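Input: a single structure, listed below in structure tokens.
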Amino acid sequence: KNFRLPPNTHGIAIDDSKIQRKLLSKLMEFIGITKDNITILGDGPSEILSFEDHVVEYMQLHTNNYVLLIADEQLDIVNESSQHESISGSHMIKKIRERLPPELEGRMLTLVRSANDSAVDISAYCERAHGFLPKAPIRRDNVHGTLMPLWVQRFPDGAFYADDDQSVATSVHSDGELACNPEDIAQKLDDIESMFQRDLHKTNWRAVNDQIQLLKGDMLTLNASASMMPILGMINVLLYSKCNDFEQAQRQWHEIQNSIRESLNTGKEKSSRKRSRRASLNS
């Protein structure tokens, strides 16, 4: 029998990355939640700052439904004072759960999604939410292993098992994988390069840092043919620098950018060769 989410399950997610919001929307459909029951937020300070109120009101309006809530841990905004501010998704989840009466909080499964996945980080997330969801490509055949244990632990009597094909793993017509595509990454590289060209790393390093942080999260959901660990290590070094040496920061960025573009080109070449082989076999 196949695991299924209850048909009255709604999905709410928040992320400050446009790429990740697109992926989260697909993820919700991927696991069987209908489009009409999906809400994806995080496009700008207003949606981020009002998120807690929005979810509390949503729960009050959907008292008989289950809600799967996924929040990115690091949500970066520019506030009304033009100051850069990071808001913790897990802390927002904690506040939401505290504001809801037990009967409504008991109908939520809340998950934190983050690029920072050390044991200490995950422990902190799980103190505030019900679980952790890593930023990584998600294959259709491992959706069961990712979601089912979290759902069943939270709702022992709130899962359905069916013999038909409407399971979590087959609920959406898909190529089998939910991942960031190379074109999205290439555009992000262009956007950040433009910031360096305009010398924003000299005048507003925090803004550049925020965009590099988003790039890191997007890289983790890229279905790459080669290991991204060395590149992610380079990104971390730049992220945690204070950018006191502007020229060095720009050199580091160019090294990161060149490495990513080389990896993307390698992936395209491999994909092209695979398509050629398939075409030859079919001819």
Counting only residues in the range 105-123 that are outside any loop (DSSP other than H, G, I, E, B) and buried (at least 19 other Cβ atoms within 10 Å of the Cβ), the one modelled with the lowest pLDDT is identified as 114
When residue 87 is run through (1) touching a Pro at 6+ places or on another chain (Cβ under 8 Å); (2) within 26 Å of residue 220 (Cβ to Cβ), the failure sits at (1)
The condition of being open to solvent by 30 Å² or more (accessible area, probe 1.4 Å) and in contact (Cβ under 8 Å) with a residue 40 or more places away in the chain holds, among 35, 26, 18, only for 26
The condition from (1) touching a Lys or Arg at 6+ places or on another chain (Cβ under 7 Å); (2) open to solvent by less than 60 Å² (accessible area, probe 1.4 Å); (3) of a type outside the set (Lys, Arg) that residue 91 misses is numbered (2)
| query | If you check residue 82 against the conditions, is it under 22 Å from residue 18 (Cα atoms), polar (S, T, N, Q) and either part of a helix (DSSP H, G or I) or in contact (Cβ under 8 Å) with a residue 60 or more places away in the chain (or both)? | reply | no
- In this structure, is residue 18 among the charged types (D, E, K, R) and touching a helix residue (DSSP H, G or I) at 6+ places or on another chain (Cβ under 9 Å)? yes
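A quick yes/no check of all residues on (1) over 18 Å from residue 49 (Cα atoms); (2) out of contact with any helix residue (DSSP H, G or I) (no Cβ under 9 Å at 6 or more places or on another chain); (3) among the hydroxyl-bearing types (Ser, Thr, Tyr):
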{"site": "75", "(1), (2), (3)": "no, no, no"}
{"site": "82", "(1), (2), (3)": "no, yes, yes"}
{"site": "86", "(1), (2), (3)": "no, no, yes"}
{"site": "89", "(1), (2), (3)": "no, no, no"}
{"site": "107", "(1), (2), (3)": "yes, no, no"}
{"site": "111", "(1), (2), (3)": "yes, no, no"}
{"site": "121", "(1), (2), (3)": "yes, yes, no"}
{"site": "124", "(1), (2), (3)": "yes, no, no"}
{"site": "137", "(1), (2), (3)": "yes, no, no"}
Within the range 236-250, the count of residues that are closer than 15 Å to residue 207 by Cα and either surrounded by 13 or more Cβ atoms within 10 Å (Cβ to Cβ) or in contact with a His (Cβ under 7 Å, 6 or more places away or on another chain) (or both) comes to 7
* Would you be able to say whether some residue in the range 49-62 is among the β-branched types (Val, Ile, Thr), farther than 14 Å from residue 132 by Cα and free of Cβ contacts under 8 Å to residues at least 60 places away in the same chain? => yes
Selection from the range 1-17 of residues modelled with pLDDT under 90 and touching an Asp or Glu at 6+ places or on another chain (Cβ under 8 Å) yields 1, 2
Selection from the range 205-227 of residues touching a residue at least 12 places away in the same chain (Cβ under 8 Å) and open to solvent by 20 Å² or more (accessible area, probe 1.4 Å) yields 205, 206, 209, 211, 213, 214, 220, 223, 224, 225, 226
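The values are calculated or read from the model by the stated rules, or taken from the named source; none is laboratory data. This one's a predicted model, so the numbers in the text were calculated from it and none came from an experiment. When we count neighbours, we look across all protein chains shown, and the Cβ atoms used for this are built from the backbone with ideal geometry, even at glycine. In case anyone asks, the SASA skips ligands and DNA or RNA and just uses the protein heavy atoms, side chains included. Shrake-Rupley method; radii C 1.70, N 1.55, O 1.52, S 1.80 Å.
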